[in-house]
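The values are calculated or read from the model by the stated rules, or taken from the named source; none is laboratory data. In this text, all values refer to a predicted model and were calculated from it rather than measured experimentally. Here the Cβ positions follow ideal geometry from the backbone for every residue, glycine too, while neighbour counts run over all protein chains shown.
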Amino acid sequence: MATTDIEAQQIAAVEAWLDHVVIGLNLCPFAAKPRRNKQIRIQVCGCEGELELLEALQAELTLIDEHPVTSETEGSAGAALIETTQVETTLLVIPNMLLDFDVYNQFLDKVDALLESFSWVGEYQVASFHPQYCFGGVAADSAENLTNRSPYPLLHIIREASIETALAHYANPELIPERNIETVSQLSEDEKKHLFAYLF
């Protein structure tokens, strides 16, 4: 199915957020490589019902599950052959529903149930991003919420194995959240309005 003009605009907004916020501010130190290699799939789901959204999420998880990132085989000369996939991770964009963060947050329970029902727990995790994202126990206007505030509600499918591999080569990964909070807290108001124009 061809991408509509509206979907193209939505994808462009998510790409700008990915490039200028997630990667530009280095909020996720593991995102630059798959982005550079064009391995981040951005899929718009124009659905308006939870069942349809769960079906779309299941389809994306199945696609990733059927295309492992790397596989090593022995070639005829004994050399290891490494095959890579074009989809390292997926951002499922949800522009037409779950616009209220509390409703979105409640939907995440159904996402967890989906992972469990297909025995995907431990293989994949789904990270959450939302324009109104608010961490528990944190004021709604706190700068640290900006680390998870995206142009639209998103469901980010992550391969557990890829995260484990990346973390093994990254010093002090437990400090990433603290560093991210410090980064967004130091942004000026003009910088916030530029990077997060969709919030103003």
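Take VAL111 and tell me if it is in contact with a helix residue (DSSP H, G or I) (Cβ under 6 Å, 6 or more places away or on another chain), surrounded by 14 or more Cβ atoms within 10 Å (Cβ to Cβ) and β-branched (Val, Ile, Thr). No: the conditions fail for VAL111. The single condition among (1) loosely packed, with under 12 Cβ neighbours inside 10 Å; (2) at pLDDT 95 or above; (3) more than 19 Å from ILE163 (Cβ to Cβ); (4) not aromatic (Phe, Trp, Tyr) that SER119 does not meet is (3). Being small (Gly, Ala, Ser) and under 18 Å from LEU98 (Cα atoms) is the filter; apply it to the range 25-55 and report the residue that is surrounded by the fewest Cβ atoms within 10 Å (Cβ to Cβ). Out of the qualifying residues, it is GLY49. Checking PRO29 against (1) assigned to a loop (DSSP other than H, G, I, E, B); (2) free of Cβ contacts under 8 Å to residues at least 60 places away in the same chain; (3) not hydroxyl-bearing (Ser, Thr, Tyr), which single condition isn't satisfied? The failed condition is (2).
Does the range 134-152 include one or more residues that are loosely packed, with under 12 Cβ neighbours inside 10 Å, modelled with pLDDT under 95 and over 24 Å from ASP100 (Cβ atoms)? Checked the range 134-152: no residue is loosely packed, with under 12 Cβ neighbours inside 10 Å, modelled with pLDDT under 95 and over 24 Å from ASP100 (Cβ atoms).
For first residues located in the range 12-25 and aromatic (Phe, Trp, Tyr), partners that are part of a helix (DSSP H, G or I) and lie 6+ apart or on another chain with Cβ distances below 9 Å form the pairs TRP17/LEU195; TRP17/TYR198.
Helices (runs of 4 or more DSSP H) fully within the range 133-200 that include at least 1 residues being under 13 Å from CYS28 (Cα atoms): 160-168, 176-185. Restricting attention to the range 1-24 and to residues that are among the polar types (S, T, N, Q) and at pLDDT 95 or above, the residue that is nearest to GLN43 (Cα to Cα) turns out to be GLN10.
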